[in-house]
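Every number in this text was worked out from the coordinates using simple rules, so none of it is lab data. Here the structure is a predicted model, which means the values were calculated and not measured. Every residue, glycine as well, gets a Cβ built from its backbone with ideal geometry; the counts of neighbours run over all protein chains shown.
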Amino acid sequence: MTDVVTRPEADETGAVATDDAPTLALGAGGDEAGTTEVKWASAEPPRKKRRLALWIGIPVAVAALGAGAASLMLIAPGTTVAGVSVGLLTPGAASDAISERLQNTELVVGDGDAVSSADLGAELDVRAIAESAFETRPAWNVTQWFGDPISAPITIDAQLTAEVLREAAPSLYTAPTDATLAFDAGTQTYVVTPAVDGSGVDPAAVEAGLQQAFNDGAATVVLDDPALAPIPANTTTDSAQSSADVLNAMLDSAGFYIGEERTVPVDRAVLASWITLSTTEDGTFEFTADPAAIQPVVDTLPALVARDAVNATVITNTAGEHLYDIQSGQAGRALESTDGIAAGFAEQLSTGNAVYPLPVVETQFQTTALERTIDVNLSAQRVTLYENGAAVDSWSVSTGKQGAPTYTGNYTIQSMYPMQTLYGTYRGPNGEDLGPYVQPNVKWMMYFNGGQAFHGVYWHSNWGRPSSHGCVGMPEWRAAQLYDWAAPGVEVSIHN
């Protein structure tokens, strides 16, 4: 059995205070008191663990993590955009590489000078293409390594290309001829000289050649015999004709108007002399006019426009209804000022409008109404004309004889003819049929009741006695007087 010696001051864990020296009784030896000082040996240091594998593994892990992270940011190896290698590049670096290749690609047309893709306005959405390449072909996806080239469609500025190549290869270009527009004094119209298209290198062929060079990784592409395309004129025939139509319509209607009346027409050649034609950048025509050129005509307007009012005279029936104008009324008018007319007309002409309304002051006319009626007295064999209730004339007539009477009643004149041939049947005293008759060249016919009418008579002069077949006959000169005095709608009273 082995005794374990412990220090009396030791705690339960065996820890010892360093300032106390324990003693141990040995039975022999030692000092006179029989005690011997015992010193505790220092504890043996613990062995260090072997960490070599850990220090070797850290760089490997870091490298592995770096490779994994890189694979998350790079495009798959072997990836090309057209003819540009972008494998193991970030999208930003890929964009730069594609842009540099495009900028360094040149084009030579025929025997002309070389031009760069930038000169042609070549464009390629490099950022979108690079990002798309990364999204579809990330480096971590080994199945996408060394895939087919990614297309990169190039576009060029057709207009800029035409301008650049016109200077670089002038022998391949024929300039177009614009349509023209001018006033022709012979026809008094505006006529068009058609446009003639030019020709030049087809921009589509240039774009295709530039694309092929880019795809092949070539720095320069040469188009020895490029396709040509028409170059349209800036001012087309259609555009010129459209303007000619507007101008010719202006010539047809040009003038100074009062209402719907073209009071003062403007001569076609004069109007053309006022108008100046020019073309805009887009090839359309503009019209301008000089107010100073218009002013001399404007100065003549007051005298040409001025007129006095003309009073109206009309025929009415007893109800006051208008039947006929003996004299049509016309308002008086005056142009009190010509200020601003020339400038206003010039502005209108620039918009294609040659109808200028004049600001006149009008004087209204007065109207005289003549209420007219015709009275036929069969007993007196007389016709009397009444105007506004007063008799104005009267004369003898010949009405229908026995067997063919003029029928009494109130009528109106229905129709009027300056001359007719009359056809009818002779009637005996009792109305019997005595055979047909034909009376040619009867003047001043005025029908009021079916076939009964007022008219002139040249074949007898039995005035004041019934002698007709129902009409009211009278001398031709009187019939002419009545024809001029009456009108359709004038009331007729036939009575005994």
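Quick look at the values:
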item	result
Mean shadow area of the stretch 318-446 over all directions, Cα convex hull, nm²	15.1 nm²
Theoretical gain in end-to-end length, residue 273 to residue 148 [0.36 nm per residue, Cα-Cα removed]	38.0 nm
Rg over Rh [alpha-carbon atoms, Kirkwood Rh] for the chain	1.62
Projected area averaged over orientations for the stretch 277-330, convex hull of C-alpha atoms, nm²	8.3 nm²
Within the stretch 254-283, GluC sites (Glu not before Pro) in DSSP loop having at most 13 other beta-carbon neighbours inside 10 Å	260, 281
Pairwise FRET efficiency - residue 262 versus residue 318, Cβ, R0 = 41 Å, nearest 0.05	0.50
For the stretch 239-363, the fraction of alpha-carbon pairs in successive 10 Å shells from zero, as %	12, 35, 24, 15, 10, 4, 1, 0
Inter-label distance for residue 415 and residue 208, nm, one decimal - labels placed 7 Å from Cα along Cα-to-Cβ	8.0 nm
Label-point separation in nm, residue 180 to residue 426, each point 7 Å along Cα→Cβ	8.5 nm
Potential extension, residue 187-residue 395 segment - 0.36 nm per residue separation minus Cα distance	68.7 nm
Kirkwood Rh in Å, taken over all unlike Cα pairs in the stretch 216-268	16.3 Å
Computed over the stretch 372-495, Cα set: Rg, Dmax in Å	13.6, 44
